[in-house]
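Encoded as structure tokens, the structure appears first; notes follow it.
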Amino acid sequence: MSAQTDSGTSRLASTPWHILGAGSMGSLWATRLARAGYDVRLILRDEARLHAYKTAQGLTLVEGNKATLWPIAAQTLDTAEPIIRLLVACKAYDAEHAVARIAHRLSPDAQLILLQNGLGSQQAVAALVPQARCLFASSTEGAFREGDWRVVFAGQGHNWLGDPQQGAAPSWLDELQHSGISHEWSPNILSRLWRKLALNCAINPLTVLHQCRNGGLKAHAHTVDALCSELGALLEICAQPEAAANLSTEVHRVIDATANNYASMYQDVAQRRRTEISYLTGYACQAAQRSGLDTPHLHAIHQQLTAHLKHLGLPSH
Ligand code: NAD
Ligand code: KPL
């Protein structure tokens, strides 16, 4: 493994990137930004985590068969330093609580990038820090933790960033460009997040309930179609017609293209990790209820998944 101390293109005069949530995605962003010479600072939970991190001497990024160590600066939630630019890379169920812990550190012109899957957590964070600019992101990149402070870049993908308030693209997008973080500015990020949520709702819970890879859902095409039909109607009623277009075709295309893969929720359950169910089927069911839309299949799947998680002794929210 090679240890990196200086990219040779130091851009340390730029605004620091604070990263809240040094897990898979947070580490993937942190290491690539650091590699490009940007000033990155990890925000860890407490002194014990900071001590463990210092012992590891940095974050390791594994790409293919190459591992590189990046001695990125780190601090705890309780550090006093002001935050101007913050990537929130916690799970959806942790994001609001984590941001609440650092809200007093946000500078008046602070910008947050919320990298959570599903919907609901982003709106909760934005409501918590109304003075800050909250940008939402949707990612198809794949990463997992091979160990503490060691992240594997497992799947090339793309990131879409956008402002739900329709503001202009921020100037720091070119820092993502320089860092090799594949991205684009999305004028309708909510549509993109809704579309991903619908895909996840149509695929992920069924793979958990039927204990199968994505391709196994070909045997349950009727249920998938029934879910797509309800999700499409939900997207329409929630003023997301673009996200609703050809949903069923896209879901079947993804099932085919990822037939051999296990969905992220399947993997969470298999590894006895908490799922993001409340921000996927939970959010969709609540939105349907609020709109007075009847979505019996979606509710049934959500109930079955909740019961299944309880049965396994896992959190069901
Ligand atoms: P992760 O569990 O690997 O990382 C989350 C990190 O946040 C953990 O290290 C956790 O300790 C930390 N954290 C939680 N609360 C904290 C707090 N109060 N203070 C400090 N740190 C705190 O999760 P992930 O896989 O990186 O996923 C993050 C988000 O990105 C999720 O919404 C996920 O669905 C989404 N996502 C992940 C992937 C992927 O391949 N991993 C791909 C696309 C989207
Ligand atoms: O994003 C996914 C996931 O596994 O979470 C896909 C592959 C689209 C399945 O819903």
Just subtract the alpha-carbon distance of L128 and A100 from 0.36 nm times their residue separation and send over the number in nm, one decimal.
9.4 nm
Quick shape check on the stretch 80-197: root eigenvalues a ≥ b ≥ c of the Cα gyration tensor, a/c under 1.5 is rounded, otherwise prolate if a/b tops b/c, else oblate, and it reads rounded
What FRET efficiency comes out for the pair T76/Q166, r = Cβ-Cβ distance, R0 = 25 Å, nearest 0.05?
0.10
Here the FRET efficiency for A48 versus Q267, based on Cβ atoms and R0 = 35 Å and rounded to 0.05, is 0.80
Compute the distance from the alpha-carbon center of the stretch 266-317 to that of the stretch 129-207, in whole Å.
22
Dipole magnitude of the stretch 193-317, debye to nearest 20 (Cβ charges: Lys/Arg +1, Asp/Glu -1, about Cα centre):
480
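Let me have the 222 nm mean residue ellipticity of the chain computed from DSSP H runs of 4+ only, each contributing -39500 (n - 2.57), with the sum over all residues rounded to the nearest 500.
Dividing the helical sum by the residues of the chain leaves -13000 deg cm²/dmol.
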Going Cα to Cα from K310, which aspartates and glutamates come in below 17 Å? Please leave out same-chain ones fewer than 8 positions away.
D268, E276
Positive end of the charge dipole of the chain (Lys, Arg +1 and Asp, Glu -1 on Cβ, about the Cα centre): tell me which of L305, V254, Q156 has its Cα farthest that way.
L305
Assign unit charges at the C-beta atoms only (+1 for Lys and Arg, -1 for Asp and Glu), then state the dipole size of the chain relative to its Cα centre in Debye, rounded to the nearest 20.
600
D (Stokes-Einstein, µm²/s), Kirkwood Cα radius, the stretch 2-187, 1.306 mPa s at 10 °C
96
Cross-link candidates for K196: which lysines have Cα within less than 21 Å, leaving aside residues fewer than 8 places away along the same chain?
K91, K218
Relative to the chain, whose Cα atoms define the longest principal axis, helix 24-35 and its Cα axis are tilted in degrees, nearest 10, by 40
How do 173-183, 258-268 rank on mean C-beta neighbours within 10 Å, highest first?
258-268, 173-183
Would you mind calculating the gained length between H311 and W185 on full extension (0.36 nm times residue separation, minus the Cα-Cα distance), in nm to one decimal?
41.2 nm
Normalized C-alpha radius of gyration of the stretch 274-314, against 2.2 N^0.38 Å?
1.18
Cα principal axis extents for the chain, largest first, Å:
56, 40, 33
Could you state, as a whole-number percent, how many of the C-alpha pairs of the stretch 200-271 are farther apart than 17 Å?
41
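No lab work stands behind these numbers, since they all come straight from the coordinates. Treat the numbers as computed from the prediction; the structure is a model and nothing was measured. Note: ideal-geometry Cβ built from the backbone for every residue, glycine included; neighbour counts use all protein chains shown.
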